[in-house]
Amino acid sequence: MSSGVSTSTDKIIVDRSRGHRNKAVSKAVRATRERLQSSANGNQAFDRDMLAMHVRAILQGALIMPLLVALVTGIGIYISPGTDLIGWALLVLCIHALHVLLARRASRKELGANDTPKWRMRFLLAQVVIGCGWAVFALRDCSACGGDGFYFYKGAVLLVAISIMAMGGFMLRQGVLFGFLPVIAALMVQAAFSRNPLDIGMTAICATAGVFFHYIADRLYRNSLTLMSYQSEKDNLIAELEVAKSMSDEARRRAEEANLAKSRFLASMSHELRTPLNAILGFSEVMNSEVLGPLANPTYKEYAGDIHRSGQHLLNLINEILDLSRIEAGRYDLSEEALSLLEIAEDCIGMVQLRARGKDITIHAQFEPQLPQVWVDEKAMRQVLLNLLSNAVKFTSQGGEITVKVGWTAGGGQYVSIRDNGPGIPEEEIPVVLSAFGQGSIAIKSAEQGTGLGLPIVQAILAKHDGHFVLRSKLREGTEAIAILPPTRVLQTLPAVSDAPAIERRRKSFA
């Protein structure tokens with residue numbers, strides 16, 4: 001099995017196959033999207049807003065109706081001289097003035113959820129009264145007018161009035177229908193009594209126009225309701241995003257403060273711990289080696305050896321924590337130079353050879369010859385190979401084997417592979433051992449427990465070199481750790497330039 005590792009310097013998160021963590025966020029976004037995509041028909045949540053928009057429409061279009069009435073009255077007087085049309089105009093203007101005053105009063109009052117139904121009924125009654133005013137005009141007849149010109153005039157005025165009422169009152173639910181009914185009822189009564197084909201035709205045309213405009217107004221109302229629903233959902237999402245952003249900023253600020261406190265703590269404690277540790281290591285080594293004379297009790301010598309080993313373990317732990325902290329903080333600077341991976345691998349094998357012989361472990365080296373040099377940090381690459389070799393020696397059983405390979409990758413880079421025949425790592429524990437301070441069950445049960453920082457440091461150092469780390473393991477078969485450097489780190493040698501014949505100097509000629 002192989003596990004690809006992220007090149008991020010945050011080594012707490014290393015498993016790419018891990019499931020999506022923000023399930024709650026995804027669920028909320030999906031639910032919001034379903035609400036947005038669902039139909040808003042029959043939604044009563046925006047009645048107050050729609051009523052407020054209707055009030056604003058009345059106030060903004062307050063001059064349209066007087067102009068229409070004046071135009072209709074002027075044309076009517078020209079067609080049929082008389083004063084009865086002036087009386088109708090005054091009636092309609094008074095009704096319109098009361099309607100505007102009602103709208104102005106509603107605009108000055110803060111409409112609550114309980115007030116909305118009452119004000120809606122008032123505006124519906126106002127629509128009925130306005131319709132009655134136009135019904136009076138529909139009942140008007142002109143016996144003195146010759147021809148069919150008066151019917152054309154009356155029909156055109158009613159259609160224009162119906163359209164203006166529809167466009168101005170579509171934001172009031174069923175307001176257009178309430179305004180049409182008196183006009184259509186008056187035309188039907190007139191047609192029923194006169195039985196004139198022109199009256200019947202005008203009634204049919206106005207009824208059809210009323211149904212059509214009611215349908216158009218209803219569609220406009222529903223579209224406005226849907227747009228308001230979308231706007232409300234968008235506002236809610238923006239508010240949620242603002243809250244989440246503020247929480248994220250606060251969490252980031254706290255994380256930065258915690259990281260700064262951690263850096264200060266490590267900077268101070270590294271000095272405070274290393275100073276006494278140097279004395280402990282030095283004096284315990286002197287006592288264990290009996291430099292100043294033999295110890296009277298052999299147990300003291302054993303205690304001195306235990307103190308030296310414990311101090312060395314603590315010093316290694318401090319160094320690893322500081323290395324990982326510098327890498328995560330982006331302060332791990334590379335001192336790069338041209339080096340050979342073969343030479344670094346040979347030196348590192350020599351450093352762990354003594355420990356391997358103590359456990360009767362055989363180390364096999366399989367190096368490809370004549371590998372070109374790579375552009376790396378020598379100290380960092382030695383730390384990578386020593387960490388991997390130390391883990392292999394630590395977890396390989398007595399009499400085991402370790403194989404170290406150095407060679408080319410398929411893409412033109414170079415790799416170092418360290419394979420052992422130890423107990424291996426279970427598949428589900430590979431992300432754990434690749435995380436900071438993470439240890440598998442084999443390591444926990446082992447007598448040689450480590451700090452759990454070796455592999456995260458290896459990943460971070462390789463990420464600094466634009467490489468990556470692959471860990472393959474099977475339970476009871478062994479583990480293979482592969483450190484891969486990209487082709488951009490390989491220094492290719494160029495062939496020598498062959499000698500070219502010298503170019504003769506061109507002689508100048510003068511005319």
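One quarter of the surface of the convex hull around the alpha-carbon atoms of segment 167-253 equals 6.4 nm², the direction-averaged projected area. Karplus-derived 3J(HN,Hα) values for segment 102-117, using 6.51 cos²θ - 1.76 cosθ + 1.60 with θ = phi - 60°, are 4, 5, 5, 5, 5, 5, 7, 9, 7, 7, x, 5, 7, 7, 4, x Hz; glycine and proline are entered as x. I'd like the distance between the alpha-carbon centres of segment 141-214 and segment 399-417, rounded to an integer number of Å. A separation of 93 Å, based on Cα centres.
In segment 301-421, inverting the average of 1/r over every pair of distinct C-alpha atoms gives 16.3 Å as the Kirkwood radius.
Scanning residues 5 or more positions from I363 or on other chains, those with amide H under 5 Å from its amide H are I402, with H placed 1.01 Å from N in the peptide plane. Residue pairs exceeding 28 angstrom between C-alpha atoms, taken from K394/K464; K262/K379; K379/K474; K109/K245; K245/K464; K262/K394: K379/K474; K109/K245; K245/K464; K262/K394. Expressed as a whole percent, the accessible surface of segment 177-324 that belongs to carbon and sulfur atoms is 65, based on a 1.4 Å probe. Scan around F469 for amide H atoms under 5 Å from its own, H built in the peptide plane at 1.01 Å from N, and keep only partners 5 or more places away or cross-chain. Amide H neighbours of F469: V5. Summed over the residues of segment 325-407 and divided among them, the accessible surface reaches 50 Å² per residue at a probe radius of 1.4 Å. In sequence order, segment 356-366 has phi-based couplings of 5, 5, x, 9, 6, 9, 9, 10, 9, 10, 10 Hz under the Karplus curve 6.51 cos²θ - 1.76 cosθ + 1.60, θ = phi - 60°, and Gly or Pro positions carry x.
For segment 307-322, the Karplus equation 6.51 cos²θ - 1.76 cosθ + 1.60, evaluated at θ = phi - 60°, returns couplings of 4, 5, 5, 5, x, 5, 5, 5, 5, 5, 4, 4, 5, 5, 4, 5 Hz by residue, with Gly and Pro reported as x.
The values are calculated or read from the model by the stated rules, or taken from the named source; none is laboratory data. Quantities reported herein were computed from a predicted structural model and do not represent experimental measurements. To get the accessible areas, we keep the full protein, side chains included, count just its heavy atoms, and leave off ligands, DNA and RNA. Shrake-Rupley method; radii C 1.70, N 1.55, O 1.52, S 1.80 Å.
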